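Reviewing the structure listed below.
What follows draws every value from the coordinates through simple rules; no lab data is involved. Predicted model only: the values in this text are computed from it and were never measured. Cβ atoms come from the backbone with ideal geometry, glycine included; neighbour counts cover every protein chain shown.
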Amino acid sequence: MNLKEVAILFVKQSGRRDLMTDNWADKGAYDFIRWGQRLLDSMADTSKSDALLKRDLEAGDYLLELPGCVAVMGVCVVSTDNARSIVEHKTLDWIHNNYATIPPSDNGTPLYWADNVTVQGKFVKEIIFMPSSEAGLVLEVIGRFKSLELQKDSDKCYWSVAHPNILARAAMHELQAYYGNQAGMRAMMDSIRPVLTGVDLDQAMEQAAAVPTIKE
């Protein structure tokens, strides 16, 4: 199921039809689905998977933001003639010690990369690569990514596809938490835990790893 389908399931099971419009548009249901997704992610670590992120680089690019990335496992650059080369991992200190000006005045093919975290009202995971890119290159990042938060009607995640009923129950748990209903929270949690116990985590990780390449 996608986000909209799980939300419809959630409002039908919870009786909170007021959380969606007459035409099944969101009126608050999606928030509880998203909170339920994070609850399940924290209880059974099936949400992280290896994925390949690709970005077409423009001249002068030297930073790449990685939303949802837990760890970068490798970086490659693809030239205009489709030749792929490994970009070497360095520390951020090494980058600053070897490149006096960032970004450098001359663009080229990225040779080195380092983890870089900035604070823009929140922590932002990104990598810095040097030298800054010339036009026409593609940067590929192999990393471990958390499941991205469901946003659009058609969005899917591991839980919405493999266990939509459990995701709906997790949303109902969060609904009970929102209103401070401790008994309701316990009842929902009691219905969730047995199913999570039966989830084969190894298989879940294999399914999650089948996520398509992320193309920016």
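Quickly rank 165-175, 104-114 as a protection proxy: mean count of other C-beta atoms within 10 Å, highest first. All intermediate terms of the calculation are to be shown ahead of the outcome.
On the way: 165-175: 24.2, 104-114: 16.3.
Top to bottom by mean Cβ count within 10 Å: 165-175, 104-114.
Could you put Arg144, Arg34 in order, starting from the residue whose Cβ has the fewest other Cβ atoms within 10 Å? Walk me through the numbers before you get to the answer.
Details: Arg144 15, Arg34 18.
Ascending number of Cβ neighbours within 10 Å: Arg144, Arg34.
Please compute the contact order of segment 122-189 in relative form: average sequence separation of alpha-carbon pairs under 8 Å and at least six residues apart, divided by the residue count, as a percent.
16
Limiting things to C-alpha atoms, what are the Rg and the maximum Cα-Cα separation (Dmax) for segment 49-145, in angstroms?
Just the Cα atoms of segment 49-145 yield Rg and Dmax of 12.8, 40 Å.
What are the residues whose amide H is under 5 Å from the amide H of Glu88, where those residues sit 5 or more places off or on another chain and H is modelled from the backbone?
Tyr112, Trp113
Past 27 Å, Cα to Cα, is the threshold; run Lys27/Lys54; Lys4/Lys146; Lys54/Lys156 against it and keep the listed order.
Values: Lys27/Lys54 34 Å; Lys4/Lys146 21 Å; Lys54/Lys156 20 Å.
Beyond 27 Å: Lys27/Lys54.
Report the charge-dipole magnitude of segment 49-145 in Debye, nearest 20, computed about the Cα centre from +1 at each Lys and Arg Cβ and -1 at each Asp and Glu Cβ.
Numbers: 7 positive and 13 negative charges, 64 e Å.
So the magnitude is around 300 debye.
Provide Rg and Dmax in Å for segment 1-110, with only Cα atoms included in the calculation.
Rg and Dmax of segment 1-110, Cα atoms, are 22.0, 62 Å.
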